Each structure stands twice: as C-alpha cells, then as structure tokens.
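What follows is a short report on a single structure.
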Amino acid sequence: MINKRYFTLILASIFIAILTSFSTKDGHQQKSRLRKIVIDPGHGGHDGGAPGKYSNEKDVALAISLKLEEMLKDQIPDIELVLTRRIDVYDSPMDKAKIANQAKGDLFVCIHCNSADAGRRAQFVGYKTETYRKGRKKLTRRVKEYKYTTIPSAAKGTETYIWGAHRNERKEVAMRENQSLYLDSSVSKSVKGFDESPEQMNFINIKTRQYFDRSAYLALTIQEEFAKAGRINRDALQRQVGIWVLQAVAMPAVLVETGYISNPEEEDYLNSPTGQKEISQAIINAIKRYRTSLDNKTISADLNSGK
C-alpha cells in the first residue's frame, strides 16, 4: 500500500510536470507561459506620491502605465493586460495585491517615479553690521551676509526593484494563500487535503525561489534596455522595505522607478509623449526578452551568465 508521504511526493512531481510542460498532446508547442501581465500605476487619489515642480508622481505613473498598455497591445497582442487602476483613485497595497492575484497574473509590473531631496546654495551678497555684547559693553562688527536659494535635485536615471531576498517568507505566504489562483483547477482539487504538508510547502518554496529568479532577471533586463535607450542606469536592486505589494502577489514582480520627478529636466521628460513612449518601449523590449527566456526555460542560466 502506498503511504501518504509517498503519494504526495508523486503528486508534487505531477504538479511540477504540469506547470512546466510546454507541449500539447499532439506535439505542438503550447502558448507562451507569459499570458497575462498586471500593470500597477503607483499611488493615486489622496496619495499623490512624489511631487515635481508642476506634476505629481501619481499622474505620471498612470500616464506611463496607459502608454505601456497601449504599446503592449500593439506589439504583443496575445498577452492579456490588467491595470490596477485607470483613473485617479487610491487603492491600498492590499487592494492592489488582491486585484493582481484574482486576475491570476503571470507578471506584476509596478510603475513609479523617483525623487531626491533638493539642495541649498549660499550666495555672498555683502556685509552687514551686527551688535553683540562683551561684558557690559555693546560692540559692533561687520559680518558677511549670504542669500540661500534652493537647488533642484540633479539626480536622474532609472532603477528597478524586486523584493528583498530576506522577504521570501512573506512571498511564500502569498503563494500559499493564493494557490488556487496560480495552479490549474484540476491540480488545485488534487492538492486539497494536503495543505501544509512538507511536500506542499517544499513545492511552494521552489516556486518562490523560481519567481525571485524571474523577477531578478526581468529587473536586470529592464535596466539594460533603459541603458540602451540612453537613460542613466542606476541598477536593479533589492529594496529592503517599502514594497509590500511585490511580496504579496503570487507571481514574479518588479517595481520600475522611471525617473526623478524632483529633477526639472527629468520631470519634463517623464511628462512628455516622447519620454513616456521611450520608457514604455524599454520595458516592452525587456518583457520580450523575458518571455523568450521564460519559454525556453533559460532564465536561471541567463541570470547567472549575465545575459
């Protein structure tokens, strides 16, 4: 008689085989594994995000997201697209994660703008006389006088983030809580009753690591495409805090900081049709490369080789 542990190991093998299969019964290649992308315009509503001189992050993020959707539909028409918002409305990170998970997305792309603190410049304008005391005597002296002006941040360029590796435990929770959303319905029925088993938890752990690698590969690829487009590459990074939503979605996920809205030059670029088109095209080029590597099962190898 087959014991429960052995049976669940068999089931886990079947699950992985189903999820990683690329061929139909008649031998023809199945559709791409990247079938649905969730685009998340950052902030919204009362949460304006970072302010520029004349625009807010929430509006720029939405404009770029809508342009990205438009261009993706044209260039990769077989991919289904879901936006977490299309208007100026606030949704909490929990709401956004729920939208993405219920949509059963294969990829989550969050669009934001960056910001940096302004500086101050001191300009000598002359001398002034000031009075001071020395004992009981009142004395005067001439001192230099300066005028201070605010200098807009000169920071520019792009960054793409994934969740920190030390946050994988939270990602595993998201995977566990949304198994029915990313597993095939027939597989979901099979695993019922085996939740929290060592085999099932091991399966979730494998998927979490797999999603981490996929996210890292896409983040690096997005930055490479930005660099090709002439943008300053500020690297693909793991953010230690502040990206809860990336950990809460049961899919690979990245957050793209498209530029510094605090820099007047960058703000103009981010708000321009040309800038929004170039930003969207760089992300699309990266998604195309990601999709090819995903379908060819070469993401881990490409990531390790630096391709």
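Each reported figure results from applying straightforward, stated rules to the coordinates on display, with no laboratory input. In this text, all values refer to a predicted model and were calculated from it rather than measured experimentally. No Cβ is skipped: glycine too gets one built from the backbone with ideal geometry, and neighbour counts run over all protein chains shown.
Amide H contacts of residue 113 (H built 1.01 Å from N, in plane; Pro and chain starts excluded): 258 sit under 5 Å, all sequence-distant by 5 or more or on other chains.
In nanometres, what is the gap between the two model label sites at residue 277 and residue 128, each 7 Å from Cα along Cα-to-Cβ? Here the answer is 5.2 nm between the modelled labels. Stretched out straight at 0.36 nm per residue, the stretch from residue 136 to residue 229 would grow longer than its current Cα-Cα span by 26.5 nm. Sorting the Cα pairs of the range 43-167 by distance into bins of 5 Å, from 0 upward, gives 2, 8, 11, 14, 13, 10, 7, 5, 5, 5, 5, 5, 4, 3, 2, 1, 0, 0 percent per bin. In this structure, the amide hydrogen of residue 83, modeled 1.01 Å from its nitrogen in the peptide plane, lies closer than 5 angstrom to those of 39, counting only residues at least 5 positions away or on a different chain.
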